[in-house]
């Protein structure tokens with residue numbers, strides 16, 4: 001009688017996790033994560049806005065999975081901090097929906113997008129977190145491919161004078177092309193450190209992680225968006241801090257974000273004053289001074305309706321024309337370029353407090369979820385710190401592609417938390433189960 005073949009151990013010669021004999025263990029979650037990576041690569045290079053479509057498709061898969069195997073969604077919701085985040089998120093969603101009633105915009109694009117995206121967030125995280133170990137490996141490989149591929153293509157665009165974008169959009173001028181590519185580089189700046197750490201967790205050769213960091217850093221310096229380099233630097237610093245003190249760092253990131261939202265009128269009033277103290281004669285960077293102007297204008301409007309705000313997406317309606325430094329500007333250009341102020345302006349003190357509670361609940365859950373896994377904590381801290389900075393000083397609160405990035409970051413981090421290579425186990429202890 002012949003001897004039965006030995007079962008694979010699930011590890012490569014280098015000791016990295018490979019999925020082993022679980023190749024047939026791939027479920028809809030793993031296939032959706034891989035598909036999201038492929039689509040996400042295309043969406044990031046073309047400006048990032050299509051990431052909403054990617055997360056929407058992932059959420060649809062998650063809805064099917066939740067119907068067929070409701071225990072997976074229940075496990076996520078009842079996990080560390082899950083129920084608190086769900087309750088706070090639902091309360092905020094109800095208030096956002098109610099604010100449509102007194103908004104001058106009414107049932108606009110922001111209302112349709114966010115009221116769908118907020119409730120579906122748990123489904124996206126559930127899918128990326130994976131139903132099986134093979135799913136999670138597949139998700140992390142997809143993350144490395146997504147960010148690494150996007151960083152490489154954006155680098156080629158920067159070096160070749162935007163040739164691909166010029167061919168795809170021959171009618172657009174250079175500034176518009178730069179803006180599109182710059183949004184894509186935001187995604188790389190936010191997710192670059194996380195993807196490099198995912199490569200470490202997968203046991204890939206060290207040059208893979210270093211190469212992604214180098215390309216992400218280079219891309220962050222291109223396309224005329226100085227903020228991207230700041231975001232990348234914040235991601236690196238947050239990752240380093242989380243490696244040293246994971247619980248403290250994750251709690252501090254969410255706690256500071258909550259404080260910034262709740263105290264936004266006072267905080268941004270001081271920042272606006274500081275801008276004009278540093279550059280008193282209109283000789284500073286125009287973008288800084290315009291931001292300071294919009295902050296001051298928004299704070300004045302907040303004082304008129306401090307409790308419930310002006311309603312969802314009302315920032316767009318403050319379009320009175322002012323003249324400054326030889327140009328004409330709207331009082332607020334689409335949004336105040338500071339999400340905490342936008343929350344106060346549109347949702348009032350009630351919305352700000354609910355958002356603060358949501359961030360606090362999220363911080364509590366992240367500390368419990370990642371506090372004993374330094375690598376996963378560093379990954380999620382890098383992405384969230386960079387995203388919160390982007391929301392705080394550059395983008396509007398209702399930017400659905402940034403919300404999509406946040407859902408992707410948390411989902412991939414949860415997937416990373418459950419997989420450990422020998423290197424990582426030695427450095428940070430066994431991953432939580």
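Quick note: the coordinates plus some simple rules give every number you see, no bench work behind them. Just so it is clear, the structure is predicted and the values come from calculations on it, not from any experiment. Note: ideal-geometry Cβ built from the backbone for every residue, glycine included; neighbour counts use all protein chains shown.
With a Cα-only, solvent-free Debye model of the range 161-302, what are the log10 I(q)/I(0) values at q = 0.09, 0.18 Å⁻¹? Once normalised to I(0) and log-transformed, intensities are -0.43, -1.16.
Helices in the chain, meaning DSSP H runs of at least 4 residues, each add -39500 (n - 2.57). Divided by all residues, the mean residue ellipticity at 222 nm is -24000 deg cm²/dmol.
When only Cα pairs below 8 angstrom with a gap of at least 6 residues are kept, the range 59-187 shows a relative contact order of 23 percent.
Normalising the average separation of contacting C-alpha pairs (under 8 angstrom, six or more residues apart) by the number of residues puts the relative contact order of the range 190-274 at 20 percent.
On the basis of the beta-carbon distance and an R0 of 60 Å, residue 307 and residue 64 show a calculated FRET efficiency of 0.90.
What the Cα convex hull of the chain gives, in volume per residue, is 156 Å³. Result for the chain in a Gaussian network model with C-alpha springs under 10 Å: among 398, 279, 95, the largest mean-square fluctuation is at 279. Placing pseudo-labels 7 Å out from each Cα toward the beta carbon at residue 296 and residue 274 gives an inter-label distance of 1.7 nm. Per residue, the convex hull around the alpha carbon atoms of the range 323-382 comes to 108 Å³. Comparing mean-square fluctuations of 226, 331, 135 from a GNM of the chain with C-alpha springs under 10 Å, the top value falls on 226. Computed across the range 38-171, the Kirkwood radius stands at 17.4 Å (inverse of mean 1/r, all Cα pairs). The mean sequence separation of alpha-carbon pairs under 8 Å and at least six residues apart, normalised by the residue count of the chain, gives a relative contact order of 24 percent.
If the chain between residue 116 and residue 283 were fully stretched, how many nm would it gain, using 0.36 nm times the residue separation less the Cα-Cα distance? Provide the component values of the computation, followed by the final result.
Values: separation 167, 0.36 × 167 = 60.12 nm, distance 4.36 nm.
Gain on extension, residue 116 to residue 283, equals 55.8 nm.
Specify whether the C-alpha gyration tensor of the range 255-403 places it in the rounded, prolate or oblate class, a ≥ b ≥ c being the square roots of the eigenvalues: rounded for a/c under 1.5, otherwise prolate if a/b is larger than b/c and oblate if not. It is prolate, given that a/c is not under 1.5 and a/b is the larger ratio. Taken along the Cα-to-beta-carbon direction at a fixed 7 Å, the label points for residue 179 and residue 333 span 0.9 nm. Straightening the chain between residue 57 and residue 78 buys 5.2 nm, computed as 0.36 nm per residue apart minus the Cα-Cα spacing.
The GNM of the chain, with springs linking C-alpha atoms under 10 angstrom apart, assigns the highest mean-square fluctuation among 133, 325, 68 to 325. The peptide list 301-309, 263-271, put in order of mean Cβ contacts within 10 Å with the highest first, becomes 263-271, 301-309.
Every Cα-Cα pair of the range 298-345 was included, and the share exceeding 18 Å stands at 27 percent.
Which shape class applies to the range 41-112: rounded if a/c is under 1.5, otherwise prolate when a/b exceeds b/c and oblate if not, where a ≥ b ≥ c are the square roots of the Cα gyration tensor eigenvalues?
On the way: a/c = 2.24, a/b = 1.13, b/c = 1.98.
Because a/c hits 1.5 or more and a/b fails to exceed b/c, the range 41-112 counts as oblate.
What does the extension gain come out to for residue 233 and residue 107, with contour length at 0.36 nm per residue minus their alpha carbon separation? Let's see the in-between values first.
On the way: separation 126, 0.36 × 126 = 45.36 nm, distance 3.79 nm.
Taking residue 233 through residue 107 to full extension adds about 41.6 nm, to one decimal.
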